[in-house]
Amino acid sequence: MRRSKAAVSVEVRQVIGALCRLLAATGLHAVPAPETFRRAKFGGGLEVEDQFWQLLTSILQSTGIVPCEAFNQLEGVSKHRKLVAAGLWQTGYHADWVSGGEGGEGGQGGRFSSRDLLLALGWLLATGTLEKLLTHRVQQMDNILLTPIPVNPQLSSELQLHSASLRKLQWLIGSLKYQGQILLSMQEERTRLLHAVLFAILQTSVSSPDQSSTVLREECVCVQQLCDLLEAYLNWKQVENVFWTWMDSVVDCHLTDPVVEKPTHAPNGITRVCHHGNRGLEKFEDMILRLPRGQKGQRRGRGDAEDRGERGERLQGGSDTSSLPPLLSSLPSLPTLPQVYRAKLQTEKPIKRGFRPAEVPHSWPETPDELPSSQATQLLLHAEALLLERRDRQRLANRIQLQEMVGKLDELVLIPP
Amino acid sequence: MAVTSASDEFSLAVTTNMSLLSVVEQAIKSCKAEQARIKDSIQLYREILHTVTPQPNTDCEESDSADDAAAADTDVSPGEKEDIELLEQALEKALWVRTGTGPSKKGSNKQCAPRKETKEGMQAFAASKGNQTTTRSTSKSASLARKEHKRPAGIVHHQPARKSQQAVSASGCVDPGQLHTSAFHSKNKTNRGNVLSGNDLGRAAAISMPSSNNTAPVSHTAESGAPCLPQQNGTASDQTAQWRSLRRKQNRLWDKVAASQRKPVPGRSHFMERIRATFPKDWPCGSPDQTRALVDRLTHQGYDLIQHCQTQELVAKQTPETATEPGGKTLERWQMTAAELQNFAGQVKQEWEAWDRWRPEGGCLCPTRANSVWANGMVAPLPPTITYTTEAELRELEKLRMRVALLQQKMHLEQLSSIVPGPGCPDVSVLRDVYSLLGEGGQRFPAIVLDSEPD
């Protein structure tokens, strides 16, 4: 590091400028100036804090990390604080002021400054928020992406059949099937047209169509913005490391401050219920309870207090739930497919990447950025097969149970189709 | 999960709960919403294609016709002439069928028309296959054109036959008076197939302009040769070229961005480590998002396992003779897996609760479908790219995607229904309906027979 301090700081400012340009290109409105970042490092005061509150709030809202509806009733500063606190927790961040006091001051006795906000921003950037912002923006602007198919209803509690409404139910289910078929055929049409568009992009014709259209003009504008965004991202990626070095120095500053005693346990033991009502956990526990028991005897899913205490100890050492135990991981699980993807038409022969053709992937590979459609198709076929198998099993179970039921009735005989 | 085990009572309950209906209605609504979205994209793509690819000009009143007309004749190769004759004949037949008049009159009428005229006629016929309004026909013809465009050149000889079939089945009403003056814009030179007039026939123009008559400006019938339309709008072609180059640039940039993802960023991981070091001791690893994805996945796997075991038990009960060793081993394996799942689930639950202790107001740990979290808990950084080489691949991919989504939807609904035993004797038709709904997916019905003979 022989360069003078001035040179270093100039470089840092440029890098932060690149970051700000990138953030602005993703459509965020509240991006502070690079100078503000530097001021934040040394505790810039309320004005700087304010700008960072705005920035963090808008980042968390755009990426959908925080469901907006939970905060609609709040206003003003406290809204920012609560929203940002929730969002940071959601990404696994801890700081005194996040889980600490709920009053206007924030932080229990520690000194809260804009540096904390800067560190929080750094954490968000480090955990992939930039990519989320980019994805979000690309989805907004790009018309030829392939998007998810959101046809699944959200409710997941068990419901019961009412005999009088059976007819209507049958009719509705038939109608649903019909809608599904319409969807399939419309999808086919769209795919055809999409291919035509992708093909048209690759054409090198010099012909002159006579019509201009507003649609194309708008398209050009959007695509131009997209290109700007992607370029900004590439620029950022090239100089990213300088930013992280600088953030390291911010951490240094933060740590050399008089540190407040870190709480080793949560401030309050009350577990609040989220606005969904802890449904996910209930379902989970229900599932555990219904698991078939081995011959070893009953073992309750909800551990006793001692069990929990013991496991709590182990947890402190960091229980590793990141990898599944062997038998579990051999259970067929539905491959989750990416929600959004981009289709690329390749006209030249694709380069083999050492991928053994005999190897059929059963799950989405670790971090692929590019995949041949044959592989994706395999995954989907596999998923379909799994689903069909599950469905048939369910139907078989239903049939058997119903037959049993009817069998117990006198005078009635069920003849299956 | 769908049929809870019968207790001593074994009749069907009649419970009042309309929610299942509303769930299905919701599903239908979301299907319709998706249809609207797809329709919008289709519209958009059609517009883009219409603008970007050369079209026979429908609105162009200019007639550079005369010269082109002369030139056009010489451009037609003998082979094409043959095709055209064949097509002409076929179309004559079509006319007879349609208008119900005898062959002689129409034939002579047709024959005295100039060659190009019949080409227009063929266009008209081909176009009339679709629809009759001007505006819609151009978009339709765009899609038709796309269809033809992709066919390899070799089959252009088959096209006359196909066209005649299409003409015969054409729903539009074709009138010789309607053989009109569509400008016949040539395809560009770089068109992949050998550009032949047969191909161009696919590019139907709008039909509903009544023709002045057969000698009307025939313009732009040059095939595989000069681009005949004058560049009335220089900016238009610029726009197309601009769009193309922008899109290509975007593709290149995207590839670079994806490549940049593969490079590790040591500074970033170092920073994360340092921040993590400031967290309290019992802070769980990962993030709430990962935990909730894990909970979701385990829940599904658990239910799957339960269903497996249940079904196996039921089947074993029904056919006790087959419940031999192999069945026993599988059951044991399931039980081991279940035990493992239970253990692991316990750990995950601990983690969940740890997160919950620190949770601020507004944080949520419920699994939502909105997460773009993969099965292994990793967050998808950017939309991946799927490369394909032929259109069929893309179509199959999309079709499968839709099928899987619809299948998931259906299964979700099937899982929601349950039968609860209750007092009273069930209605026979209800039994039958429920059986078909839950046992056969609503596709087939059993027969329930009253057996009132004393045994």
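Every read-out reported here was derived from the displayed coordinates using simple, explicitly stated rules and does not represent laboratory data. For clarity, every value in this text was computed on a predicted model and none was experimentally measured. Cβ coordinates were reconstructed from backbone atoms using ideal geometry, including for glycine residues, and neighbour counts include every protein chain displayed.
Taking every residue in A:217-227, how many Cβ atoms of other protein chains lie within 10 Å of its Cβ, on average? Don't skip to the end; give the middle numbers.
Details: counts 5, 1, 10, 7, 1, 2, 7, 5, 0, 6, 7.
Per-residue shielding by partner chains comes out at 5.
Among the listed pairs A:168/B:39; A:283/B:281; A:168/B:29; B:32/B:399; A:82/B:410; A:344/B:263, give every one whose C-alpha distance is greater than 27 Å.
Values: A:168/B:39 29 Å; A:283/B:281 30 Å; A:168/B:29 16 Å; B:32/B:399 17 Å; A:82/B:410 39 Å; A:344/B:263 22 Å.
Pairs exceeding 27 Å: A:168/B:39; A:283/B:281; A:82/B:410.
Output the peptides B:352-358, A:221-227 sorted from most to least packed, where packing is the average of other Cβ atoms within 10 Å over each peptide's residues. Numbers along the way, then the final one.
Numbers: B:352-358: 19.7, A:221-227: 17.3.
Going by the mean number of other Cβ atoms within 10 Å, highest first, we get B:352-358, A:221-227.
How well do other chains shield peptide A:386-392, expressed as the mean number of their Cβ atoms within 10 Å of each residue Cβ? Walk me through the numbers before you get to the answer.
On the way: counts 3, 6, 2, 2, 9, 6, 2.
Mean shielding by partner chains, rounded to a whole number: 4.
Can you run phi through the Karplus equation (6.51, -1.76, 1.60; θ = phi - 60°) for the range A:169-182 and list ³J(HN,Hα) in whole Hz, with x for Gly and Pro?
Here the 3J(HN,Hα) series is 4, 4, 5, 5, 5, x, 5, 5, 4, 4, 4, x, 5, 4 Hz.
Residue by residue through the range A:13-21, what is 3J(HN,Hα) from phi via Karplus (6.51 cos²θ - 1.76 cosθ + 1.60, θ = phi - 60°)? Round to whole Hz and write x for glycine and proline.
Going residue by residue, I get 5, 5, 5, 5, x, 4, 4, 5, 5 Hz, with x marking Gly and Pro.
Mind checking the mean number of beta-carbon atoms from other chains within 10 Å of the Cβ atoms in A:114-122? Walk me through the numbers before you get to the answer.
On the way: counts 0, 0, 0, 0, 0, 4, 1, 0, 5.
Per residue, the average neighbour count from other chains is 1.
Lys and Arg at +1, Asp and Glu at -1: add these up for the other residues within a Cβ distance under 12 Å of residue A:238 and post the number. Spell out each step's value before the answer.
Values: positive: A:237, B:256, B:263; negative: A:231, A:240.
Neighbour charge sum, excluding residue A:238 itself: +1.
Using the count of nearby Cβ atoms within 10 Å as a rough guide to exposure, how do B:344, A:243, A:42 rank from fewest to most? Before the final figure, lay out the partial values.
On the way: B:344 18, A:243 22, A:42 13.
Ascending number of Cβ neighbours within 10 Å: A:42, B:344, A:243.
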